[in-house]
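Notes for the one structure printed next.
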Ligand code: URA
Ligand code: SF4
C-alpha cells in the first residue's frame, strides 16, 4: 500500500501483474482531483483511452462529461474517475475475473488515499465488483448502498446509453439523485466537493 499518490501512480504505470500489460499502449491510471469526495469507477479503458492514457475520452466519455456538467460535476475540478482494470482488454472484451482481481489493488489504494464519500459505479461490471456480485443493474441503478461508511450507487454505463438511448432519462435520474445526495451531505460546500 502506497501512502503517496505520486508513488502509487508511478508504480501502477509500470505494472505487469496481468496479461493485459502485453497488449496495452498506455496504462490508464485515472484522472481528476484526488481530493474529490466523489469517485466514479468504470470498467476498463477502450481504444481511445488506451491511446491517450486517460479514462473516458472516447464517445462514451463525451456523454459522461455532459451528464456530469448537468449536475455541476467536472473531472477537472471536483471528481476523480478511475477504472476497475487499468489496461485495455483486447477488442474491448469484458475484463476477466482474474484480471479484475489482479488490478483491483491499485483501485483499493486509490480509494484509501482519496477517501471518497460517494462512489458511482459506471455500469454492471464495476457495480458487481464494487457494490455486490449479484447487483442487477437494470433494477438497482440509482440505489444508494452503504459499505464501510461510503455511499455507493451504480448507474448505466455511458457506452450502454449510446447503444440504447431510450435509457438516457433513467440514467439522468440517477445523476439527479447523486446531486441531491451531494447537497444533502454538504459536499459542495466543502470547498467545491473536494477535501479540505
Ligand atoms: N469505458 C470504461 O468503462 N472506462 C473508460 O475509461 C472508457 C470507457
Ligand atoms: Fe497491472 Fe491492472 Fe494493467 Fe493488469 S490491467 S497489467 S493488473 S495495471
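Scoring residue 134 on the criteria (1) assigned to a helix (DSSP H, G or I); (2) free of Cβ contacts under 8 Å to residues at least 12 places away in the same chain leaves a single failure, condition (1). Note on segment 46-122: enclosed helices (runs of 4 or more DSSP H) holding 2 or more residues that are within 12 Å of ligand 2 (Cβ to nearest atom) and more than 19 Å from residue 22 (Cβ to Cβ) are 97-114. So which of 85, 28 is more than 24 Å from residue 181 (Cα to Cα), in contact with a strand residue (DSSP E or B) (Cβ under 7 Å, 6 or more places away or on another chain) and within 15 Å of ligand 1 (Cβ to nearest atom)? Going through 85, 28 in turn, the sole match is 28.
Here segment 1-10 is the region considered, the condition is being within 14 Å of ligand 2 (Cβ to nearest atom) and out of contact with any helix residue (DSSP H, G or I) (no Cβ under 8 Å at 6 or more places or on another chain), and the residue that is nearest to residue 100 (Cα to Cα) is 9. Determine whether segment 141-150 contains at least one residue that is without any contact (Cβ under 8 Å) to a residue 40 or more places away in the chain, closer than 20 Å to residue 55 by Cα and outside any loop (DSSP other than H, G, I, E, B). No - not one qualifying residue is present in segment 141-150.
Annotation: of all residues in segment 11-39 being touching a helix residue (DSSP H, G or I) at 6+ places or on another chain (Cβ under 8 Å) and not in a loop (DSSP other than H, G, I, E, B), the one that is surrounded by the fewest Cβ atoms within 10 Å (Cβ to Cβ) is 19.
Name the residue, out of 50, 65, that is closer than 22 Å to residue 187 by Cα and either at pLDDT below 95 or within 16 Å of ligand 1 (Cβ to nearest atom) (or both). Unique residue meeting the criteria: 65.
The values are calculated or read from the model by the stated rules, or taken from the named source; none is laboratory data. Treat the numbers as computed from the prediction; the structure is a model and nothing was measured. Every residue, glycine among them, receives a Cβ derived from its backbone with ideal geometry; neighbour counts consider all protein chains shown.
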